[in-house]
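Below is one structure; the comments refer to it alone.
The values are calculated or read from the model by the stated rules, or taken from the named source; none is laboratory data. As the structure is a prediction and not an experimental result, all values here were calculated from the model. Methodologically, a virtual Cβ is constructed for each residue, glycine included, from the backbone with ideal geometry; neighbour enumeration extends over all protein chains shown.
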Amino acid sequence: MRKFVLASFVVVLGLFLFATQVPVSITQGKVAGAVSDAISKSEVPVDEEIVEQAVIDSLKILENGQRRRLTYLFAAYIVIWLVFMLYVLRLEQQQQLLDQRLAQLEQTSNSEE
């Protein structure tokens, strides 16, 4: 049982480390293309480099926020998992104590007969 608990903890920890890595699929080329398209459709003259830098900065802020939220989410899952596993281990310990007590009662009952 303890091996199962340790193995499952390692799996959850691995998932935590894997899941907190925010995948970035928006490259600077995609940003530049999107900015160029938006500016070409706009009727207002805009400096393309300033808009592109603003979009890149906004993406960095969003990625950092997403990474922080994922970290809190998986930290909460780990805490819940740990509490549950401690509960299971405590139940196992109580079960062993009850089994010992039952064996003692059976021995006492058999010796009285």
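Restricting attention to segment 59-81, the residues being among the aliphatic types (A, V, I, L, M), surrounded by 12 or more Cβ atoms within 10 Å (Cβ to Cβ) and without any contact (Cβ under 8 Å) to a residue 60 or more places away in the chain number 5. Return yes when LEU82 is closer than 21 Å to VAL5 by Cβ and either within 36 Å of the chain's Cα centre (by Cα) or not in a helix (DSSP H, G or I) (or both) and no when it is not. Against the criterion (closer than 21 Å to VAL5 by Cβ and either within 36 Å of the chain's Cα centre (by Cα) or not in a helix (DSSP H, G or I) (or both)), LEU82 qualifies.
Any chance segment 26-45 includes a residue that's among the polar types (S, T, N, Q), part of a helix (DSSP H, G or I) and touching an Asp or Glu at 6+ places or on another chain (Cβ under 7 Å)? Yes; the residues of segment 26-45 include at least one that is among the polar types (S, T, N, Q), part of a helix (DSSP H, G or I) and touching an Asp or Glu at 6+ places or on another chain (Cβ under 7 Å).
With respect to (1) farther than 30 Å from LYS3 by Cα; (2) modelled with pLDDT under 75, the lone exception for THR20 is condition (1). Of the set (1) surrounded by 12 or more Cβ atoms within 10 Å (Cβ to Cβ); (2) closer than 30 Å to ILE26 by Cα; (3) among the hydrophobic types (A, V, I, L, M, F, W, C); (4) modelled with pLDDT of 85 or more, all apply to ILE56 but (4).
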